[in-house]
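Reviewing the structure listed below.
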Amino acid sequence: MSKSSELTTVVMPPSAAETSELLRELVAHLRKNRTQLRQEWAKRITEAKLLTAMSQEEIFAEATSVYDNYVEALETGTFEALQAYARNLSERIIPRGVETHEVVGIVLLLRDVLARSLFAKYQHDFGLLNRILDAYEPAANRIANTVAVGFVQERERTIRQQQEAIRELSTPVLQVRERLLILPIIGVIDPQRARQLTEQLLRGIRTNRAKVVVIDITGVAAMDSNVANVLVQTVEASRLLGATVIVTGLSPEIAQTLVTIGVDLAKMNTVGDLQGGIEEAERLLGYKVVQFSDAMPQT
Amino acid sequence: MLSNGDERQNVEVPILKQGHYLIATFQAALTDEDLLKLQEGLVGQVGKFRSRGVIVDVTALDVMDSFAARTLRALAHMVRLRGAETFIVGIQPEVAFAMVQLGLTLEGVSTALDLEEAIYLLDRRVKGAKVRGK
């Protein structure tokens with residue numbers, strides 16, 4: 001151990017060997033004080049009102065896992081296990097409603113708790129404390145980074161999955177009569193989904209040799225001008241394949257959007273609701289629907 | 001129309017007669033000259049055979065540019081002036097999508113999914129006309 005150095009003296013950065021020696025000492029300290037440091041940390045988490053979605057037992061259990069992984073990362077200098085743990089943890093807690101600031105918050109609290117315990121232990125040897133901190137800080141920062149980034153990446157992955165699922169909710173193209181297709185659209189349409197719907201519809205027209213298509217947008221609350229334009233293009237492209245499009249279920253907001261953006265309404269065949277649309281389609285196709293007996297009794 | 005030495009091979013599109021209708025089937029993309037030759041040929045033959053309908057089948061086309069779209073529109077108008085109805089058939093979904101994005105809507109030109117459909121529709125129109133005593 002070297003003499004304590006004055007603050008103004010330039011201190012040489014520790015050599016790699018010295019750093020590992022210091023880290024080993026640090027890890028030993030953290031293992032020895034595992035119980036009280038974990039408890040201190042869990043206490044601080046509750047005081048900071050973090051992880052409110054979880055019970056005390058759950059917080060302590062997770063705190064234990066994080067602590068042990070943290071110490072192991074400090075010991076081995078490798079972060080793969082920590083990354084895997086961070087992703088696993090995120091996968092579990094994201095559905096519980098845990099937010100990014102909470103995850104970042106608890107990791108920083110752990111960093112503080114451990115740093116404080118180092119201050120307490122090495123308060124009599126300022127020079128050694130500095131060297132220990134020199135070894136500790138980069139590793140601790142990298143750990144905080146790894147856990148936070150792991151959490152955020154997991155959130156982004158979840159969001160992408162949900163977006164894909166929404167896109168696939170996309171619209172079955174349904175044949176309800178010979179030459180008649182229905183395309184019921186539900187939810188939020190962005191220009192990309194709109195283009196996907198158009199391609200799906202055009203292929204459906206060709207496959208089913210449809211002459212009339214009813215596009216029902218009752219389930220669509222609003223539409224911006226980009227999507228409205230794609231809708232108009234869908235109508236025009238369907239005509240090129242010999243099919244007539246009837247659009248049904250326009251909400252007042254969408255009606256307003258279409259008029260505001262100056263859609264050529266002569267090109268758009270619209271009917272108020274799906275029932276009306278199907279009746280109009282049947283008329284165009286030459287069907288006449290007649291009820292010739294009472295409804296069948298239920299057996 | 002004389003060819004000006006275009007790199008693409010000039011292709012004659014055969015015009016087939018089927019009853020009262022003329023049918024022209026594209027085998028591949030046509031040069032501008034070929035399109036104009038076809039237009040000329042169809043307009044001429046409508047008169048010669050007193051055809052009631054012209055069907056242009058573009059199933060083999062995987063792209064339709066603005067010159068082709070304009071030529072087909074002009075063809076439909078010219079043919080109508082000579083007493084016949086034109087149908088463009090076989091536009092592929094991807095081609096239709098690309099066309100509307102470029103604003104090529106073939107407005108005023110009748111379209112149908114395929115040859116069978118066009119003949120059916122033309123038959124109905126022709127019959128309708130006969131019934132009305134034209």
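Every read-out reported here was derived from the displayed coordinates using simple, explicitly stated rules and does not represent laboratory data. Not measured: the values here are computed from a predicted model. Cβ sites come from the backbone with ideal geometry, for glycine too, and all protein chains shown count toward neighbours.
Let me know the whole percent of all Cα-Cα pairs from the range A:16-167 that are separated by more than 20 Å.
Summing the P(r) tail past 20 Å for the range A:16-167 gives 50 percent.
Taking the alpha carbon gyration tensor of chain B, what are the square roots of 5 times its eigenvalues, largest first, to the nearest whole Å?
Working: eigenvalues 123, 64, 31 Å².
Those come to 25, 18, 13 Å.
Looking at the protein assembly as shown only, what percent of DSSP beta bridges run antiparallel? Nearest 5 please.
For the protein assembly as shown, the DSSP antiparallel bridge percentage is about 20.
Can you sort B:Phe87, A:Phe119 by how many other beta carbons sit within 10 Å, fewest first?
Going from sparsest to densest Cβ surroundings: A:Phe119, B:Phe87.
Show the residues, 5+ positions off or on another chain, whose built amide H is closer than 5 Å to the amide H of B:Thr111.
B:Ile88
Which whole-number percentage describes the relative contact order of chain A, with Cα contacts under 8 Å and a sequence gap of 6 or more?
Once divided by the residue count of chain A, the mean separation gives 13 percent.
Of the candidates B:Lys48, B:Lys37, B:Lys17, which one comes out as most mobile in a Gaussian network treatment of chain B with C-alpha springs shorter than 10 Å?
The residue with the greatest mean-square fluctuation here is B:Lys48.
Skipping prolines and chain starts, which residues have an amide H placed within reach, meaning under 5 Å, of the one on B:Ile55, given they are 5 or more residues away or on another chain?
Under 5 Å from the amide H of B:Ile55: B:Leu22, B:Ile23, B:Ala24, B:Phe87.
Give me the distance in nm between label points sitting 7 Å out from Cα along the Cα-to-Cβ direction at A:Arg34 and A:Glu21, one decimal.
Computed distance between label sites A:Arg34 and A:Glu21 equals 2.7 nm.
Can you give the Kirkwood hydrodynamic radius of the range A:98-220 from its Cα pairs, in Å with one decimal?
Taking every pair of different Cα atoms in the range A:98-220, averaging 1/r and inverting gives 19.4 Å.
Using the basic label-point model (7 angstrom from Cα toward the beta carbon), what is the A:Arg155 to B:Asp65 distance in nanometres?
Going from the A:Arg155 label point to the B:Asp65 one covers 5.1 nm.
Report the rotationally averaged projected area of the range A:54-115 based on its alpha-carbon convex hull, in square nanometres.
With the hull built on Cα positions only, its mean projection is 4.2 nm².
Is it possible to state the helix-based mean residue ellipticity at 222 nm for chain A, with each DSSP H run of 4+ residues giving -39500 (n - 2.57), the sum divided by total residues, to the nearest 500 deg cm²/dmol? What is it?
-21500 deg cm²/dmol
Quick one: A:Val149, A:Val259, fewest Cβ neighbours within 10 Å first, how do they rank?
A:Val259, A:Val149
In the P(r) worked out for the range A:93-147, what percent of Cα pairs fall beyond 12 Å?
Here the long-distance tail beyond 12 Å is 69 percent of all Cα pairs in the range A:93-147.
Expressed as cubic angstrom per residue, what is the convex hull volume of the alpha carbon set of the protein assembly as shown?
Given the Cα convex hull of the protein assembly as shown, per-residue volume reads 294 Å³.
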